[in-house]
Amino acid sequence: MEALDGNAIGGMLYQVFGGEMTMAQAVCRRCGARAPLAECAVYLGGPGVVVRCRACHNIVMVLVEVRQMVCVDLSGLSKLEQPE
Amino acid sequence: MTPPAVVSRGFRGRRRDTDVDPARVPPGQSVTSDFPVLSAGATPHTPLDRWTFSIENGGVLRTWTWEEFRALPSEPVTADIHCVTRWSKLDTSWEGVSVDTLLDEVDHDAAYVLALCDGGYTTNLPLEDVTGGKAWVVYTYEGEPLDPEHGGPARLLVPHLYLWKSAKWVRGLRLLDEDEPGFWETHGYHMYGDPWQEQRYSGD
Amino acid sequence: MSAVVDETPRVRTLELEIPGWPGHVAGQHVDVRLTAEDGYRAERPYSLASAPGEAPAITIQRLEDGEVSPYLTEDVRPGDRFEVRGPIGGYFVWRPNDGGPLFLAAGGSGVVPLRAILRHRRNSMSEVRARLLYSSRTLEDIIYRAELDGDDVVHTLTRAQPSGWTGYARRVDTGLLREVAWPVEDGPLAFVCGPTSFVETVAAGLIDLGYVPTRIKTERFGATGGR
């Protein structure tokens with residue numbers, strides 16, 4: 001299956017972070033590549049959503065909806081910054 | 001406080017086959033005739049001349065190349081499969097090697113296994129849930145070589161548990177003394193995953 | 001849902017009445033959530049086809065083994081209700097102040113948010129130049145065909161062309177982009193939307209032509225499961 005991008009999960013990200021997140025710059029912990037979440041590779045993987053760095057394919061974020069609450073794992077990011 | 005959901009007139013979700021024996025459908029599942037492709041990453045493409053399957057416990061105990069693996073005794077399997085995303089598919093047909101056959105070749109006293117896959121995916125299972133004729137490493141689906149999108153060249157098949165335990169692109173089993181959460185289990189899913197008890201999430 | 005417009009045999013626009021709708025920015029989308037009587041839920045994102053200031057509308061393409069699109073394109077009737085979350089999106093959006101010239105590339109239903117951008121540009125009487133490159137399979141598959149007609153729209157038909165067709169008849173490649181996209185010296189701003197493979201091909205092609213990567217916005221559409 002081909003990856004989508006962070007635009008596809010804009011609503012879910014808004015719900016988790018409480019604001020518009022697709023322009024937030026994600027810095028990959030493994031390779032240091034920096035990109036807006038809108039450009040990261042998104043796999044709607046069934047049990048959850050997996051977001052990967054486009055440069056090195058490392059997982060930067062995992063989102064799982066557990067009983068109507070969204071749990072998010074950001075351990076693949078070294079930084080997540082909103083633009084100025 | 002969230003407002004009540006708006007029910008949309010006539011929406012039924014995936015077409016449900018109404019002439020299915022309800023005893024075959026676990027709670028919360030709907031039967032589909034599709035075979036949805038869901039993944040956590042790009043489809044791996046390991047060439048068969050580099051593919052191996054291993055059993056390890058920290059060190060490698062036994063490895064098979066693709067030729068060696070295909071030479072093992074295999075059997076057809078017909079099974080109902082249940083995905084935690086609420087679709088079920090009945091009477092799917094596969095062919096592969098029983099995990100019993102693979103574990104018979106190693107000496108061990110492990111209580112759990114962790115399936116290891118191309119792309120880094122893992123999932124954990126109790127040993128007794130992959131032995132006694134309950135699990136296979138399959139490489140044929142509906143008479144054809146297993147498509148990479150569906151986990152080919154080979155995937156684990158453990159039909160009595162939710163389909164996330166039937167790890168795609170499986171390359172080996174790590175023997176463990178204690179249960180250790182795999183990928184989805186680490187992210188909130190149930191350590192065991194019995195669809196008949198609707199064990200979707202940790203704590204269910 | 002207040003009204004229906006059949007755009008093509010497989011594509012339908014739904015005009016929505018959303019109490020408290022705050023308005024939106026061109027390029028944004030909404031998440032549509034359908035709940036069945038037994039509580040079963042499905043949710044999908046759909047781009048807004050309407051420009052800011054117009055009544056909200058979404059355009060949906062029916063996917064053969066889709067779970068939501070068959071319902072929205074075949075079963076929904078005026079008066080029916082469903083939940084909508086949004087508007088969503090801050091990356092794949094255009095406001096007149098963002099300038100141009102705009103190069104818009106659409107693959108199939110990827111034209112929806114780009115049409116919202118073009119309508120907004122027209123409604124706000126922006127002087128920004130815009131060109132749309134629109135890839136469809138056949139003439140009948142062109143969404144908003146009457147509206148998207150003119151010098152600033154270039155069509156390519158990839159599967160079949162009507163007799164006498166003098167337009168492009170192949171999938172977009174770098175050569176086609178070189179002929180159609182604004183030259184790099186003009187400082188263009190590109191928006192590319194459609195299936196993942198279309199977006200990757202076009203974005204890579206524009207980068208080959210020298211487009212500034214941060215001035216190429218991408219939005220990938222896809223089935224959320226499929227076969």
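Remarks
- Here the alpha carbons of region A:4-81 define both size measures, Rg and Dmax, at 11.2, 34 Å.
- By the rule of a second cysteine Cβ within less than 4.7 angstrom, chain A holds isolated cysteines at A:Cys40, A:Cys71.
- For chain C, built as a Gaussian network whose Cα springs stay under 10 Å, the top-fluctuating residue of C:Ala146, C:Ala57, C:Ala169: C:Ala146
- Taking the fewest neighbouring Cβ atoms within 10 Å as the starting point, the ordered list for B:Ser202, A:Ser75 is A:Ser75, B:Ser202.
- Whole-Å distance, taken between Cα centres, linking region B:139-204 and region C:89-163: 44 Å
- Choice from B:Pro126, B:Pro73, B:Pro145 with maximal GNM fluctuation in chain B (Cα, 10 Å cutoff): B:Pro73
- Sparse packing (at most 16 other Cβ atoms within 10 Å of the Cβ) combined with a DSSP loop state is found for the following GluC sites (Glu not before Pro) in region C:145-227: C:Glu147.
- FRET E, pair C:Val5, C:Ala160, Förster distance 30 Å, beta-carbon r, rounded to 0.05: 0.80
- Only DSSP H runs of four or more residues enter the estimate; each adds -39500 (n - 2.57), and after division by the residues of the protein assembly as shown the mean residue ellipticity at 222 nm equals -3000 deg cm²/dmol.
- Ratio Rg/Rh, restricted to region C:3-88 and using Cα atoms, in which Rh is the Kirkwood radius: 0.94
- Evaluated on chain C, the Kirkwood hydrodynamic radius is 18.1 Å, with distances taken between all distinct Cα atoms.
- Pairs of C-alpha atoms in region B:53-197 farther apart than 20 Å represent 42 percent of all such pairs.
- Counting Cβ atoms of other protein chains within 10 Å of each residue's Cβ and taking the mean over peptide B:40-48 gives 3.
- Taking all C-alpha pairs of region B:1-107, those more than 23 Å from each other amount to 56 percent.
- Cα centroid of region C:37-68 to Cα centroid of region B:21-63, whole Å: 32 Å
- Highest-first arrangement of B:6-12, B:168-174, C:109-115, where packing means the average Cβ count within 10 Å: C:109-115, B:168-174, B:6-12
- Using the empirical formula 2.2 N^0.38 Å as the baseline, the Cα radius of gyration of region C:96-221 reaches a ratio of 0.98.
- Reference-scaled alpha-carbon Rg (2.2 N^0.38 Å with N residues) for region C:97-154: 1.09
- A DSSP coil position with no more than 15 other Cβ atoms inside 10 Å describes none of the chymotrypsin sites (Phe, Trp or Tyr not before Pro) in region B:58-166.
- Along principal axes, Cα extents of the protein assembly as shown, largest first, whole Å: 77, 52, 49
All of the numbers you see were taken from the coordinates with simple rules; none came from a lab. Only a predicted model underlies this, so the values are computations on that prediction, with no experimental measurement involved. Counting neighbours? That spans all protein chains shown, and the Cβs are built from the backbone with ideal geometry, glycine included.
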